[in-house]
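The values are calculated or read from the model by the stated rules, or taken from the named source; none is laboratory data. Predicted model, so just to flag it, every value in this text is computed and none were measured. So basically every Cβ, Gly included, is an ideal-geometry build from the backbone, and we count neighbours across all protein chains shown.
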Amino acid sequence: MTAAPPDHRLIDGRKIATDILRECKNYTDEQHALGRVVSICIGDVPETEVYVRNQARGAMRAGLPFEQVNWDANITQNEAKQVIQQMNDDASILGMIIQRPTPEHINIRTLQSAVHPLKDVEGMNPASIGNIVYSDVALAPCTAAASVELIKQTGLKLEGLEVVMIGHSEIVGKPAAMMLMAEGATVTVCHHLTRSVAMHSRRADVVVVAVGNAGFLGPDMIKPGAAVIDIGINQIQDEDGNFEIVGDVQTEAVTEVAGWITPVPGGVGPVTVAILIRNAIVAHKRQIAAGWIE
Ligand SMILES: NC(=O)C1=CN([C@@H]2O[C@H](COP(=O)(O)OP(=O)(O)OC[C@H]3O[C@@H](n4cnc5c(N)ncnc54)[C@H](OP(=O)(O)O)[C@@H]3O)[C@@H](O)[C@H]2O)C=CC1
Ligand SMILES: Nc1nc(=O)c2c([nH]1)NC[C@@H]1CN(c3ccc(C(=O)N[C@@H](CCC(=O)O)C(=O)O)cc3)C=[N+]21
């Protein structure tokens with residue numbers, strides 16, 4: 001049996017990630033000593049397992065030292081902040097990322113603020129996020145940056161493009177909307193109080209979905225030929241009891257109507273990981289420019 005021809009409507013996130021990681025590798029090959037990226041999990045957080053595993057793989061492919069650390073769920077806010085401050089002063093550490101979600105008693109915003117902006121490889125320090133408002137997007141939250149990257153891959157011109165962003169979290173929806181505006185798109189942001197999401201999404205040239213609800217976006221919610229960027233990562237159980245990862249989009253049905261669509265897995269996820277690594281390279285360059293390292 002011959003293999004089915006590739007579906008050109010599917011945007012291949014793995015290929016885009018490979019290209020980004022290759023560029024990063026070209027950079028790391030030129031460096032004689034690089035600090036490590038430290039990926040922090042607080043407590044036992046099953047949602048982050050796949051992400052952290054793929055961060056380690058991505059870092060390895062890019063030739064970037066990487067360390068995963070797991071802090072006890074009972075660590076106090078103050079202890080966590082102190083360790084982050086020590087990491088800021090540790091020259092062997094290039095940057096840090098703190099996985100979400102964190103335990104109830106942890107104020108994640110305060111912890112993100114404690115990460116020095118030059119070590120903020122996830123772009124989640126309020127200062128980094130603030131820079132996006134000024135259209136300075138070199139160190140932006142990884143998933144938001146990944147969705148912009150994926151839209152660019154369609155070849156659509158972002159200037160004047162009608163984009164509907166569904167979801168307005170601080171880590172995905174809001175920064176993605178800002179970054180799309182910086183690219184010249186006309187952006188509509190929908191959330192759970194939006195009266196009719198479908199009324200907005202049906203008008204859009206591009207629909208970006210980050211809701212966290214499997215099968216949320218159906219084929220009747222988009223304009224024929226639109227591009228659909230599926231950010232959702234939802235773990236569901238199939239009829240045989242096996243776990244699988246699906247997005248927020250009814251991928252099969254929407255593919256029939258869409259001009260382009262990102263699959264899950266193999267879409268936004270791998271690009272998010274690659275952007276994290278690219279952010280680490282940006283941080284390295286900024287640390288050199290600041291005279292921190294030679
Ligand atoms: N691929 C990747 O790299 C990443 C994937 N994710 C995935 O993306 C998804 C979203 O993550 P995140 O942004 O952190 O999640 P949050 O739960 O923080 O945000 C979800 C957003 O969806 C909105 N929403 C909920 N229900 C509806 C509805 N019925 N109609 C319209 N909007 C709705 C919420 O609005 P409101 O606040 O008003 O309730 C909220 O803004 C998850 O599946 C997550 O796993 C997240 C990060 C990275
Ligand atoms: N501070 C913080 N930032 C985040 O960006 C963040 C977070 N916390 N917590 C958890 C969620 C989830 N998330 C994923 C990113 C990539 C994949 C990923 O690589 N997915 C592969 C899965 C492939 C496989 O199964 O191995 C894919 O979609 O193809 C998954 C999940 C980031 N998140």
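List of remarks:
- Qualifying residue in the stretch 37-45 (condition: in a loop (DSSP other than H, G, I, E, B) and modelled with pLDDT under 95): yes
- In the stretch 98-121, the residues that are of a type outside the set (A, V, I, L, M) and either over 19 Å from residue 280 (Cα atoms) or touching a Cys at 6+ places or on another chain (Cβ under 6 Å) (or both): 99, 101, 102, 103, 104, 105, 107, 109, 110
- Selection status of residue 138, among the hydrophobic types (A, V, I, L, M, F, W, C), at pLDDT 95 or above and under 24 Å from residue 124 (Cα atoms): no
- Within the stretch 253-271, considering residues that are touching a residue at least 40 places away in the same chain (Cβ under 8 Å) and assigned to a helix (DSSP H, G or I), the one farthest from ligand 1 (Cβ to nearest atom): 255
- Members of the stretch 205-255 found to be loosely packed, with under 14 Cβ neighbours inside 10 Å and at positive phi, listed by number: 225, 241
- Within the stretch 219-240, residues that are touching a residue at least 12 places away in the same chain (Cβ under 8 Å) sit with their Cβ atoms under 9 Å from residues that are surrounded by fewer than 24 Cβ atoms within 10 Å (Cβ to Cβ) and among the basic types (Lys, Arg), at 6+ positions apart or across chains, in these pairs: 220/202; 221/202; 222/202; 223/202; 223/203; 226/202.
- Of the residues making up the stretch 107-139, those that are in contact (Cβ under 8 Å) with a residue 40 or more places away in the chain, crowded, with 21+ Cβ neighbours inside 10 Å and assigned to a loop (DSSP other than H, G, I, E, B) are 121, 122, 123, 124, 139.
- Matching residues, the stretch 236-294, being among the aromatic types (Phe, Trp, Tyr) and more than 21 Å from the chain's Cα centre (by Cα): 243, 292
- Members of the stretch 272-294 that are more than 29 Å from residue 151 (Cβ to Cβ), without any contact (Cβ under 8 Å) to a residue 24 or more places away in the chain and not in a loop (DSSP other than H, G, I, E, B): 288, 289
- Positions within the stretch 2-18 being in contact (Cβ under 8 Å) with a residue 60 or more places away in the chain, of a type in the set (D, E, K, R) and not in a loop (DSSP other than H, G, I, E, B), in sequence order: 14
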